[in-house]
Amino acid sequence: MLRRAGPSLRHFLLQRNISAGHSSCSREAKMSRPVQARRLEGIDKNIWVEFVKLATTYSKVNLGQGFPDFPAPEFLREALMRALSGGNHMLHQYTRAFGHPPLVKVLAQFFEKLLGRELDPMTNVMVTVGAYQALFCCFQALVDEGDEVIIIEPFFDCYEPMVKMAGGTPVFVPLRPNPPKDGKLMSSADWQLDPAELASKFSERTKAIVLNSPNNPLGKVFSRGELGLIAELCVKHDVLCISDEVYEWLVYDGKQHIRIASLQGMWERTVIIGSAGKTFSATGWKVGWVVGPDRLLQHLRTVHQNSVYHCATIAQEAVAQGFQRELTLYGKPESYFVQLPKELQQKRDWLVQSLDGVGMKPIIPEGTYFLVADISPFKSDVPDVPNSDEPYDSRFAKWMVKNKGLAAIPLSAFYSEAHKNSYTNFIRFCFAKEEATLKAASDILQKWKQEKTSS
């Protein structure tokens with residue numbers, strides 16, 4: 001048998017791999033091409049990342065993030081357990097990409113009541129991974145390069161970066177405070193749009209307006225008159241409305257949440273966004289939805305099928321059962337949608353009294369989990385820093401969590417760069433908490449007041 005002369009094939013391949021490895025390392029070391037997509041420029045910072053870390057590290061009481069620390073309703077937890085342990089093993093597999101059939105069907109039934117129109121569950125409803133993904137789908141599907149999107153300030157902070165990622169240009173219009181002259185506490189209703197200023201923001205480049213009612217962070221519930229003004233401008237300028245209504249059931253003092261899609265001329269141009277997290281006090285489940293005309297939702301479905309594609313089947317099944325219960329109890333005292341706002345109104349009133357009692361003037365919210373308080377009387381505790389780029393309320397909130405153990409969110413985080421320095425005397429608290437949590441917050445505030453009085 002003849003032996004082949006020269007190096008073996010194994011030796012040859014080994015040497016080639018070593019050489020290729022050195023070459024690859026060399027190429028990586030010399031790489032200078034930018035890796036970040038341009039659409040991410042300027043949107044890398046996130047208020048929640050910073051303040052969640054601070055709250056985790058320092059807080060004794062966290063009234064910063066918007067989630068309840070009380071349990072989701074028993075009927076919803078039982079529905080989840082049935083879905084997990086029941087005999088339908090297919091609930092552990094993929095369901096319909098655009099929404100589990102039982103959930104989209106009951107959502108369609110529910111919104112038929114609320115909107116007074118027939119809905120097709122397969123074309124007028126889509127389920128998303130929380131309201132956050134619903135918003136993302138809206139902006140990606142409906143906003144093009146050069147389109148302008150009107151955002152009402154203060155606004156939930158993800159609106160601006162999502163518009164920019166889609167290639168759009170945010171155009172901001174603020175709610176302006178109009179304090180009562182009788183010395184009473186301000187209400188979120190006292191923060192209003194200037195009709196002429198709002199009208200001036202609409203142009204031929206305007207593609208959409210983002211409406212958040214009830215509003216996070218103020219708790220403002222837009223009146224029929226205010227919604228009518230927005231609707232009139234949308235129809236006049238042929239503009240879409242992205243209506244973030246995740247707090248739709250959380251309204252107080254007999255206020256009514258009016259859905260802008262129910263106003264004349266608005267159904268065909270509106271996408272309604274909802275959230276099981278806020279509706280059923282289960283924010284970690286991340287089940288949301290959009291409701292709207294098929295001519296708009298067909299484009300959201302394209303984004304959804306090419307990104308997330310599918311939401312957790314078991315969570316959708318449990319939420320569907322929750323809505324079935326609420327559909328049978330609609331408008332009755334036993335309904336969770338009737339009971340929850342009553343409970344939260346009591347918690348709101350508790351926190352309003354606690355803040356007012358120490359001189360931190362609250363703005364009484366008409367809805368949501370949140371209230372905003374004026375920190376002006378406490379400015380001496382955290383002196384201003386000349387020439388600082390950081391808004392005062394941000395420094396105050398950081399100082400408060402580090403030194404008092406109480407976490408809140410600065411209101412300036414909910415404003416654009418152009419306007420954030422005009423609203424730096426306010427911080428946002430979440431009152432969707434257990435009584436013990438709110439009492440602990442009250443104790444911190446009372447101790448703080450005593451320290452100020454004795455110093």
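The values are calculated or read from the model by the stated rules, or taken from the named source; none is laboratory data. These figures come from a predicted structure and were not determined experimentally. So basically every Cβ, Gly included, is an ideal-geometry build from the backbone, and we count neighbours across all protein chains shown. In case anyone asks, the SASA skips ligands and DNA or RNA and just uses the protein heavy atoms, side chains included. Shrake-Rupley method; radii C 1.70, N 1.55, O 1.52, S 1.80 Å.
Here are the numbers for this structure:
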read-out: Scope segment 361-391; condition part of a helix (DSSP H, G or I), modelled with pLDDT of 85 or more and either open to solvent by 10 Å² or more (accessible area, probe 1.4 Å) or over 13 Å from ASN425 (Cβ atoms) (or both); matching residues; value: SER376, PRO377, ASP381
read-out: Tally of residues being out of contact with any His (no Cβ under 9 Å at 6 or more places or on another chain), under 16 Å from TRP249 (Cα atoms) and open to solvent by less than 10 Å² (accessible area, probe 1.4 Å) across segment 292-333; value: 3
read-out: Segment 148-158, residues that are surrounded by fewer than 22 Cβ atoms within 10 Å (Cβ to Cβ) and out of contact with any Ser or Thr (no Cβ under 7 Å at 6 or more places or on another chain); value: PHE156, ASP157, CYS158
read-out: Qualifying residues in segment 41-64 (those that are in a loop (DSSP other than H, G, I, E, B) and of a type in the set (Asp, Glu)) - the one nearest to PHE370 (Cα to Cα); value: ASP44
read-out: Whichever residue in segment 205-238 is basic (Lys, Arg) and surrounded by fewer than 24 Cβ atoms within 10 Å (Cβ to Cβ) and, among such residues, is nearest to LEU142 (Cα to Cα); value: LYS207
read-out: Residue match in segment 170-186 (condition: open to solvent by 30 Å² or more (accessible area, probe 1.4 Å) and assigned to a helix (DSSP H, G or I)); value: no
read-out: Those residues of segment 395-429 which are open to solvent by less than 10 Å² (accessible area, probe 1.4 Å), in contact with a Pro (Cβ under 9 Å, 6 or more places away or on another chain) and part of a helix (DSSP H, G or I), in sequence order; value: PHE396, ALA397, LEU411, SER412, PHE414
read-out: Contacts under 6 angstrom Cβ, first residue in segment 81-107 being over 16 Å from VAL308 (Cβ atoms), partner of a type outside the set (A, V, I, L, M, F, W, C) and assigned to a helix (DSSP H, G or I), 6 or more apart; value: ALA83/GLU317; LEU91/THR313; LEU91/GLU317; VAL106/GLN324
read-out: Boolean, PRO161 is within 23 Å of ALA418 (Cα to Cα), not basic (Lys, Arg) and not in a helix (DSSP H, G or I); value: no
